[in-house]
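Shown next, in structure tokens, is the structure this report addresses.
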Amino acid sequence: MPTQAELATLADFAKHTARDLGFSACGITDTHIPAETLHQYQAWLDAGYHGEMDYLERNIDKRAEPARLVEGSTRIICVRMDYLPAQVDTLKVLQQGERAYISRYALGRDYHKLIRKRLTQLGQALQQKAADLGFRAFVDSAPVLERPLAQQAGLGWIGKNTLVIHPRAGSLFFLGELFISLPLPIDTPYTREHCGQCDACQRLCPTQAFVAPYVLDARRCISYLTIEYSGSIPLALRPLIGNRIFGCDDCQLVCPWNRFSQPTQETDFSPRHHLDRAHLLDLLAWTQEEFLTRTQGSPIRRAGYRQWQRNLAIALGNAPYHLEIYQALAHQCHQHQEDALLLEHFTWALQQQTNKQATFIEVQAV
Ligand code: SF4
């Protein structure tokens, strides 16, 4: 077993190496999850706020005791990688109803592989210094309570919007974890809470998905509805979704701390296929084959083509009236006679355009 001094040197080496590998921050914590955190998590599940994400109910023992996930692990190195691409005009796209809004994290390549690969490189670099070290990398891929762990590792506080926030970097970043078997010195948890009296994310969430500060009802969250949920989107929520076809960033965009967000240095996260400003009708014209080709290696693949079309239907129903949109929706209704879910969403969208058409004609006549 290395001495305390050697472990401290190794911890410094890990942090420098993490920086060299493109991580914006790195902290080390132990594998203990506080009872209060687990209690809150269980209460959230019991309330059904996780919707149909049943996997969140499984492996509670491993979430509670991360060491059970990787036998022999004693520390978790938590890392942050910023994802906001430079020069994307986020607010403008949200204001232009005929364009598609895609969550900023999903405009480029999928982050899972990239971060796991870098974490593995970090583990290998550590192994060269300590041959006995065992490690395993995770990015959203296992029952890991990554936000509490990141907070414990000093990467930021958990805001009222339930995301980890750093006062000099906001919250537009990915998290990843490297479980290791060496007891490196741990970092000081981030115990300050800078939300204060602010409640912008709670008030301005388009679907009012926060039932209380720090408590999100995923069933109302646009990210959940457009990415995770494959069923019929509740009618009352459809108009509130606007032009968001894959995810939503509003609780981050309104957060004052995101004035300090750092643009990513990763070219892999740069927008592909002009997805940062695409027109809804252009995306609707994608065939399934085009969808599969253009979303290869992208997080958007997760939604699948059918869900992608469902989301486009809602956004087009919410778009300002335009004859071209009306005609495209009428065509889609005709195309999807055999698919009850899509037919219902396109019919709803067509009805929205029809209602707006009547208003449009009245205004033109005045
Ligand atoms: S918007 Fe305000 S309340 Fe919400 S997470 Fe940011 S600082 Fe906290």
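The values are calculated or read from the model by the stated rules, or taken from the named source; none is laboratory data. This structure is a prediction, so every number in the text was calculated from the model and none was measured. Virtual Cβ from ideal backbone geometry, glycine too; neighbours counted across all protein chains shown. Side chains included, ligands, DNA and RNA excluded: accessible areas come from the protein's heavy atoms. Shrake-Rupley method; radii C 1.70, N 1.55, O 1.52, S 1.80 Å.
A full extension of the chain between Arg302 and Lys113 corresponds to an added length of 66.6 nm, given 0.36 nm per residue minus the alpha carbon distance. Across every direction, the projection of the convex hull enclosing the Cα atoms of the chain has a mean area of 19.8 nm². Each of the peptides 30-42, 204-216, 140-152 was scored by the mean count of other Cβ atoms within 10 Å over its residues; in descending order, highest first, they stand as 140-152, 204-216, 30-42. Accessible area per residue was computed with a 1.4 Å probe on protein heavy atoms; His322 scores about 100 Å².
Computed over the chain, relative contact order equals 21 percent, with contacts defined as Cα pairs under 8 Å that lie 6+ residues apart. Ellipsoid semi-axes for the range 220-274, based on the Cα gyration tensor and the rule √(5λ), read 26, 16, 9 Å when sorted largest first. Measuring nothing but protein heavy atoms, the accessible surface of the range 21-146 at 1.4 Å probe radius is 45 percent carbon and sulfur.
Protection proxy ranking for 9-21, 160-172, using the average of other Cβ atoms within 10 Å per residue and placing the highest first: 160-172, 9-21. Using 0.36 nm per residue, how much length does the chain from Leu235 to Arg192 gain when fully extended, once their Cα-Cα distance is taken away? Roughly 11.5 nm would be gained on extension. Ordering of 347-360, 43-56 by packing is 347-360, 43-56, highest average first (other Cβ atoms within 10 Å, averaged per residue).
The largest accessible area among Met81, Met1 belongs to the first residue in Met1, Met81, and the rest follow in falling order (1.4 Å probe, all chains). Return the subset of Lys113/Lys160; Lys15/Lys117; Lys92/Lys356; Lys15/Lys113; Lys160/Lys356 for which the Cα-Cα distance in this structure is over 27 Å, preserving the input order. Exceeds cut-off: Lys113/Lys160; Lys160/Lys356.
Taken about its Cα centre, the chain carries a charge dipole of roughly 520 debye when the Cβ of each Lys and Arg holds +1 and the Cβ of each Asp and Glu holds -1.
Solvent-accessible area assigned to carbon and sulfur over the range 198-287 amounts to 57 percent, based on a 1.4 Å probe. Per residue, the average separation of C-alpha pairs within less than 8 Å and at least 6 apart gives the range 80-210 a relative contact order of 28 percent.
Surface composition of the range 312-366: carbon and sulfur atoms hold 57% of the protein heavy-atom accessible area at a 1.4 Å probe. Note that the chain presents 48 Å² accessible area per residue, ligands and nucleic acids not counted, probe 1.4 Å.
Shown are Thr120, Thr3, whose ranking by accessible area with a 1.4 Å probe and every protein chain present, most to least, is Thr3, Thr120.
Our estimate of slack between Ala5 and Asp339, defined as 0.36 nm per intervening residue step minus the Cα-Cα distance, is 113.8 nm.
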